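**Q** Can you read through this structure? Questions will come right after.
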Amino acid sequence: MSLERYALRRFLEMIPVLFIVLFIVFLMLHFIPGDPAKNILGIMATPERLEQLRKSLGLNEPLHKQFYVFLTQLARGSLGTSIRYKAPITELIFSRLRVTLSLVFMSAVFCVIISLPLSLWATKHRGKFPDYVARISSLFVFSMPEFWTGLLFLNIFALRLGWFPTRGWGSGLLDNIYHLFLPSFILGLFLTALVTRTLRSDMIEVLQKEYIRTARTYGFSDRTIYLKYVLKNALLPTITVLGLNLGWLLGSSVVIETVFSLPGIGAMLLDAVIVRDYPLIQGISLVFALAIMLNNYIVDIIYGLIDPRIYRS
Amino acid sequence: MMNLLEIKDLHTYFEGNGAIVKAVDGADLSIREREVVGLVGESGSGKTTIANSLLRILPETGRIVSGGIIFKGINIRELSEKEMQFKIRGNEISMIFQDPMVSLNPLFTVGEQITSVLKLHQDIGQKEAKTKAIDLFRKVRISDPEKRFDNYPHELSGGMIQRVTIAMAMSCEPSLIIADEPTTALDVTIANQILNEFEELIGEIGVSVLWITHDLGVIKRICDYVNVMYAGTLMEQGTVKTVFENPLHSYTFGLLRSNVIYYEPKGKIPTIMGELSEIPHQGCKFYPRCPIGDEGCLQESIELRKIDENHSIRCIKPEDAKRLSRSKNHGFQGVC
Ligand SMILES: Nc1ncnc2c1ncn2[C@@H]1O[C@H](COP(=O)(O)OP(=O)(O)OP(=O)(O)O)[C@@H](O)[C@H]1O
Ligand code: SF4
Ligand SMILES: [Mg+2]
C-alpha cells in the first residue's frame, strides 16, 4: 500500500465516526434531564416563551426529523443561533477560533523548542546534571495545576514585573503574539514536560539498539546519530502521547483563556455553560470533537510518514 | 610483510556498580594483509569487546586501559574521535553483525542506509551513491537489486539483510572487515550459502577479515589463522592447520574435542566443565578448568610464547596437553 492510499483509507474510516459524533452532539440537548426549553430559559420562563423556543429549536418534532434538520442545517454551514449572543453560532465560533488556534499553535511551538533540546541534552548526559534538571523540572510542572501556574505567572510577570499584558488579545500580529506569550507558555508547559519525559526515556531506549551501534560503527557522528536516527526512532511514542493529550489541551485552553481573559472559543464555552446557552455549547462541542478527530487523523498520517511499516505490510 | 593490524597486550575493562569486569585482559592478536583470521572462544571471553576496542565504540562503561592497537602503523588509541569517524570506522575497518534483523534501522530503506554510508565517506552525490549501492547489491547476489534498494529491512529475509550488511561493509573498500558471528542468527542453509559467497567475495576484493565465532567448523573452512581466546586473553594462536592438527593448549583441545563449549567436571578426563567464572588472580586463567594443571601453573604469570613460526601458546605444560590429546583417541576430524 502506498502512503496516499493509506491516508485515503484512514480518511474514509473516519466517516462513520463522524456520523456518530454528529449524532451524539445532536443528542446533547436531549441528554440534559428535564425539558430542554425550560433548561435554557430557566424556571421563571413564561409558557409562551417556552413554546416559542421549542418551536424555534424544533423540539416538538420527532427525534429523527430533528436530526435530519440538524444535519441539513449543518450542511448549509449553520449551527443555529446563540441564545446569549443572538448571533449565528458558526460566526461566533469562527471569530473566536482564531484566538484558540493561535494559542494552541504557540504552545506547541514552545513545547517543541523547549522539549527537543532539553530531552536531547538530558539523553546525552543521562544520569548526570542535565538529566536531573530535565527530570526534576518535569516533575515540578506535573505537580502544578495550570490554573495555579497561570495565576502565578500572571501575578509575577504581568502584574508585578509588568513585562506582559494581563488580559486580552491585542490587535495586529505582533501584538497578538505578545499577548499570547504568557498564556501559551503556560499551556505548553505541561506538554513540554510530558514530551521531554517521553522523548528522553524513548531516546535512551533507542540508544541501546543494535542499529544505533551499526551507525556508530560506520563512522556517523554523534550529531547525526542523535538528530537523524535516535530522534526519529524515538518520535513515534512521543507523537502518540501528544495525540492523546490534545483533548487535555483543549480542556486547559478553557482554563487559560479564562485566566487571561482571551476571547477564545474555550472562554466562550465556559460563558455558554454559565448562561446555559445550550445551542452554543452544542456548537463548540462539535468543534472540539472535530478537532480531536482531525488530530487523530493527522497523528495516523505522521505515523505512516515516520514508520512505513505501518502501511507497507 | 608488515601486519595490517597488531593488537598488543590490550586491556579493556568495564566499570559499574563498583565492580570491574576485565573483559579483555592482555590480548595479543595480529592480522596480515588479505588474511582471514578467526577469533574463537566461549561466550563472554571478550571477543566482541576486542572488536569494539578496535573501533573504539565501547559502551560508556567500557574503557581501554592499556595496550596498543596498531593499524597500518598508526596507533588507533591516539587518534581523535573525528579521525576515528572519518578515517577508520566504515572506511578502513567495517563490521558485519550477528543479528541482521536488528542491525539495520527499521525506519530507513536499505538503500538509504547504504548510500548514507557511501556519502559519508566518499565525495559523491546521491545518484552516484545509488548506482554504487546497486552494484554492490548485485555483487553480494541480491536478486533484483533496484527493487530491493527501496525496501525496508522488515520486508527482507534475514539472509537478504545479511547480504545488505555485507554490501555495506564492503562499500568503502575497507582494509579490514570484522565479522562478529554473522551467521549465527541465520538458518543453516542460508548461513552456508552466505558463507560461500562471502569467502568468494573476500578473495575477489582482497580484504583482511577478522572472523569472530563459536563455530570451529567455520574457522576451519574459511580462516588462514586462528586465535583461541579465554577469559580476555589469547590461549593459543597459529595457522588453522597447526592448531587444528596439533593443539598444544588443553582449552583448545577441549574446544576441538567437543566443539561444544562446556566439559565434564575436573578430575574426570578429558577436560573440565564449569563456566568462565572464577579466574585466579595469578597464574593461568584456565587453571580451574584445566585437567592437567597443577600448582606450578599458579606460581607465575604465564606469557604467550612462540613454539614455532606459526604457533604460540600460553601454557607451561604443552607436552602434557599433547599427551592428553593423544591419550584418548578422540580425533578432531569427526568434529570439524
Ligand atoms: N556493557 C558492558 N558492561 C559490563 N560488562 C560488559 C559489557 N559488555 C560486555 N561485558 C562483559 O565483558 C565480558 C566480555 O564480553 P564480550 O561481549 O566481549 O564477550 P564475547 O566473547 O563477545 O561473547 P559472545 O560470544 O557471547 O558474544 C563479559 O564478561 C561481559 O559480561
Ligand atoms: S598453564 Fe597449567 S593450568 Fe594453564 S592451561 Fe597450561 S596446564 Fe592448564
Ligand atoms: Mg560477542
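The values are calculated or read from the model by the stated rules, or taken from the named source; none is laboratory data. For clarity, every value in this text was computed on a predicted model and none was experimentally measured. Glycine also receives a Cβ, built like all others from the backbone with ideal geometry; neighbour counts cover every protein chain displayed. In case anyone asks, the SASA skips ligands and DNA or RNA and just uses the protein heavy atoms, side chains included. Shrake-Rupley method; radii C 1.70, N 1.55, O 1.52, S 1.80 Å.
**Q** Considering only protein heavy atoms and a 1.4 Å probe, what is the carbon-and-sulfur percentage of the accessible area of the stretch A:3-75?
**A** The C+S portion of the solvent-accessible surface of the stretch A:3-75 is 68 percent.
**Q** Separate question: Under 5 Å between amide H atoms, partner at least 5 residues away or on a different chain: which partners does B:Gly26 have, H built in plane at 1.01 Å?
**A** Amide H to amide H, under 5 Å and 5 or more residues apart or across chains, B:Gly26 pairs with B:Leu10, B:His11, B:Thr12.
**Q** Rounded to the nearest 10 degrees, what's the angle between the helix B:318-327 long axis and the longest principal axis of chain B, both from Cα atoms, 0 to 90?
**A** 90 degrees
**Q** With θ set to phi - 60°, apply the Karplus curve 6.51 cos²θ - 1.76 cosθ + 1.60 along the stretch B:184-191 and write out the HN-Hα couplings as whole Hz, x wherever there is a Gly or Pro.
**A** Karplus values, whole Hz, x for Gly and Pro: 4, 7, 9, 6, 4, 4, 4, 4.
**Q** Karplus couplings for the stretch A:44-56 from phi (6.51 cos²θ - 1.76 cosθ + 1.60, θ = phi - 60°), rounded to Hz, Gly and Pro as x?
**A** 7, 5, 6, x, 5, 5, 4, 4, 4, 5, 4, 5, 5
**Q** Pull up all non-local amide H partners of B:Gly38: gap of 5 or more, or a different chain, and H-to-H distance under 5 Å with H placed in the peptide plane.
**A** Amide H neighbours of B:Gly38, under 5 Å, 5+ apart: B:Trp211, B:Asp224, B:Tyr225, B:Val226, B:Asn227.
**Q** R0 = 41 Å: FRET efficiency of A:Glu61 with A:Leu244, Cβ-based, nearest 0.05?
**A** Taking R0 as 41 Å, the efficiency between A:Glu61 and A:Leu244 is 0.60.
**Q** So, one more: At 222 nm, what helix-only mean residue ellipticity would chain B give, in deg cm²/dmol to the nearest 500, using -39500 (n - 2.57) for each DSSP H run of four or more?
**A** When only DSSP H runs of four or more count, the value is -9500 deg cm²/dmol.
**Q** Taking 7 Å along the Cα-to-C-beta vector as the label spot, tell me the B:Arg34-B:Glu199 distance in nanometres, rounded to one decimal.
**A** 1.8 nm
**Q** Report, to the nearest 10°, how far helix A:3-31 tilts away from the longest principal axis of the Cα atoms in chain A, using its own Cα long axis and a range of 0 to 90°.
**A** With rounding to tens, the tilt is 40 degrees.
**Q** Take every DSSP beta bridge whose two residues both sit in the protein assembly as shown, then give the antiparallel share in percent to the nearest 5.
**A** Details: 33 of 52 bridges.
Close to 65 percent.
**Q** Now for a different question. Given a 1.4 Å probe and no ligands, DNA or RNA in the count, how much accessible surface is buried by A and B, both sides, to the nearest 100 Å²? Can you show the working numbers first?
**A** Values: alone 17580 and 15590 Å², together 30740 Å².
In total, this chain pair buries about 2400 Å².
**Q** Okay, moving on. What shape does the stretch B:87-157 take by its C-alpha gyration tensor, where a ≥ b ≥ c are the square roots of the eigenvalues and a/c under 1.5 counts as rounded, a/b above b/c as prolate, and the rest as oblate?
**A** Oblate is the answer for the stretch B:87-157, as a/c is 1.5 or above yet b/c matches or exceeds a/b.
**Q** So how far, in whole Å, is the C-alpha centre of the stretch B:49-125 from the one of the stretch A:73-119?
**A** If you average the Cα positions of each part, the centres end up 51 Å apart.
**Q** Go ahead and collect, in residue order, the members of the stretch A:21-39 whose backbone nitrogen is under 13 Å from a label point 7 Å along the Cα-Cβ direction of A:Ser285.
**A** Counting backbone N atoms under 13 Å from the label point, the list is A:21-33, A:36.
**Q** Just check chain A against the gyration tensor rule for me: Cα atoms, a ≥ b ≥ c as the square roots of the eigenvalues, rounded for a/c under 1.5, and otherwise prolate or oblate depending on whether a/b exceeds b/c.
**A** It comes out oblate by the Cα gyration axes.
**Q** Continuing with this model, one more query. Express in nm, to one decimal, how much length is gained between B:Asp123 and B:Met2 on full extension, taking 0.36 nm for each residue of separation and deducting their alpha carbon distance.
**A** That works out to 40.6 nm of additional length.
**Q** Okay, moving on. Amide H of A:Ser82 versus every other amide H placed in the peptide plane: which residues, excluding those fewer than 5 positions away on the same chain, fall under 5 Å?
**A** Amide H neighbours of A:Ser82, under 5 Å, 5+ apart: A:Ala87, A:Ile89.
**Q** Moving on. FRET efficiency for A:Val109 and B:Lys306, Cβ-Cβ distance as r, R0 = 60 Å, nearest 0.05? If you can, show how the numbers build up before the last one.
**A** Working: r = 68 Å, r/R0 = 1.14.
Given R0 = 60 Å and the Cβ-Cβ separation, E is 0.30.
**Q** How shielded is B:198-205 by partner chains, expressed as the average number of their Cβ atoms within 10 Å of its Cβ atoms?
**A** Per residue, the average neighbour count from other chains is 0.
**Q** From the phi angles alone, apply the Karplus equation (6.51, -1.76, 1.60; θ = phi - 60°) to the stretch A:205-220 and give each ³J(HN,Hα) in whole Hz, x where the residue is Gly or Pro.
**A** 5, 4, 4, 7, 6, 4, 5, 6, 4, 4, 4, 5, 4, 8, x, 6
**Q** Compare each residue of the stretch A:181-226 in its chain alone against the assembly with all protein chains, and report those whose accessible area goes down by 20 Å² or more; 1.4 Å probe, heavy atoms.
**A** Relative to the lone chain, where solvent access is computed with a 1.4 Å probe, the stretch A:181-226 loses at least 20 Å² at A:Glu210, A:Tyr211, A:Arg213, A:Thr214, A:Arg216, A:Thr217, A:Tyr218, A:Gly219, A:Phe220, A:Ser221.
**Q** Right, something else. Counting pairs of alpha carbon atoms under 8 Å apart in space and at least six apart in sequence, what relative contact order in percent does chain B give?
**A** On the way: 630 pairs, mean separation 62.8, N = 336.
Over chain B, the number comes to 19 percent.
**Q** Any idea what angle helix B:158-170 forms with the longest principal axis of chain B, computed on alpha-carbon atoms, 0 to 90 degrees, nearest 10?
**A** Long axis of B:158-170 versus the principal axis of chain B: about 90 degrees.
**Q** At 1.4 Å probe size, with every protein chain present, just tell me what the per residue accessible area of the protein assembly as shown comes to in Å².
**A** 47 Å²
**Q** Could you report the accessible area of A:Lys232 in Å², rounded to 10, computed with a 1.4 Å probe on the protein chains as they sit in the structure?
**A** 60 Å²
**Q** Pop the C-beta distance of A:Asp271 and A:Ile298 into the FRET formula with R0 = 30 Å and round what comes out to the nearest 0.05.
**A** After rounding, the FRET efficiency stands at 0.55.
**Q** Only bridges whose two residues both fall in chain B count here: according to DSSP, what percent of them are antiparallel, nearest 5?
**A** About 65 percent, rounded to the nearest 5.
**Q** Let me ask something additional. Percent relative contact order of chain A, based on C-alpha pairs within less than 8 angstrom and at least six residues apart?
**A** Rounded, it is 27 percent for chain A.
**Q** Using 7 Å Cα-to-Cβ label points, what is the A:Tyr178/A:Val69 separation (nm, one decimal)?
**A** 4.9 nm
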